[in-house]
Amino acid sequence: MTAAPTPHDPTEQLAAYRRSREAIAALAAALPDPAAVEVPACPDWTVRDLIGHLVHINESFVALEDSQIDLAPAAGLGTEELLARWAELDAELPAALERSPELRRRILLLDVFSHELDLRLRLDAPVEPTAHPAFDGSLDLSTMGFGLAVHGGGLPALRIETPERSWVVGEGDPAATVRGSAVDVFRSLTGRRTRPQIEGLEWTGEPAGKWADAFAWGPFTPPAAEVEPLAGR
């Protein structure tokens, strides 16, 4: 796997998390009724639900619980109350990051960053994901999770390439290579691309269908219908 600068230091991770939290809060605050705006990338969730989920995750993280990124949205609070609660949790986050294992910190960033993209794409807000300090680490983590699914499913090794980087997941020599923009690869690995969209990336070697099951891993599953277009190569 090619190396890239990723924010592994808790101070850098805190800055990256705050950047996403503040962006999400600003986008939500500009909506007349966040509870009425659905988020296609998160089926059955509104913007309010998305924020409720992130607050629930943050509460679990600062409490040092064994949190999972598929926690349900926090119930019983409106969007403004949730945003206020999220801001309050910021005071506890630095210490929690310092005490938490690296993998747990990276999962926290992957979750908030993915949902920032979900919200930006829903609202047609400007988005430059590769410039975000959480992007490289989130892409690495999603590639690792996908690789575990490849290995666990007894599938052949696969080379994944973006214009900037490459990885080999699974064991042995790669039986195929899939290429795409960094954004399309990341969104494909985190349940935001349909199977036809994934097959529409540039594949060489064995057919894409051989690895179809591995794209459903952890909390992620390719959606039945498109939730956003391919970003392009």
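The values are calculated or read from the model by the stated rules, or taken from the named source; none is laboratory data. The shown structure was predicted, so the numbers you read here are calculated from the model rather than taken from an experiment. Counting neighbours? That spans all protein chains shown, and the Cβs are built from the backbone with ideal geometry, glycine included.
Here residue 92 does not qualify as under 22 Å from residue 19 (Cβ atoms), surrounded by fewer than 21 Cβ atoms within 10 Å (Cβ to Cβ), modelled with pLDDT under 95 and not β-branched (Val, Ile, Thr). When the range 123-134 is limited to residues that are in a helix (DSSP H, G or I) and modelled with pLDDT under 95, the one that is surrounded by the most Cβ atoms within 10 Å (Cβ to Cβ) turns out to be 129.
Across the range 10-51, the number of residues qualifying as more than 17 Å from residue 123 (Cβ to Cβ) and not in a helix (DSSP H, G or I) comes to 2. Scanning the range 151-161 for residues that are of a type in the set (A, V, I, L, M) and over 16 Å from residue 216 (Cβ atoms), we see that the one that is surrounded by the fewest Cβ atoms within 10 Å (Cβ to Cβ) is 157. In this structure, residue 138 qualifies as farther than 17 Å from residue 55 by Cβ, touching a helix residue (DSSP H, G or I) at 6+ places or on another chain (Cβ under 8 Å) and small (Gly, Ala, Ser). Condition first: in a helix (DSSP H, G or I) and surrounded by 15 or more Cβ atoms within 10 Å (Cβ to Cβ). Now tell me which residues in the range 213-233 satisfy that. Scanning the range 213-233 gives 214, 215. Any residue that is more than 28 Å from residue 109 (Cβ to Cβ) and surrounded by 17 or more Cβ atoms within 10 Å (Cβ to Cβ) - is there at least one of those in the range 187-204? The answer is yes, given that some residue of the range 187-204 is more than 28 Å from residue 109 (Cβ to Cβ) and surrounded by 17 or more Cβ atoms within 10 Å (Cβ to Cβ).
For the range 162-174, the candidate set comprises residues that are surrounded by 16 or more Cβ atoms within 10 Å (Cβ to Cβ) and out of contact with any His (no Cβ under 8 Å at 6 or more places or on another chain); within that set, the residue that is farthest from residue 142 (Cα to Cα) is 174. Checking the range 65-77 against the condition returns no match, with no residue being in a helix (DSSP H, G or I) and surrounded by 13 or more Cβ atoms within 10 Å (Cβ to Cβ). For residues that are within 16 Å of the chain's Cα centre (by Cα), in a loop (DSSP other than H, G, I, E, B) and not charged (D, E, K, R), scanning just the range 160-199, find the one that is farthest from residue 225 (Cα to Cα). Among them, the one singled out is 181.
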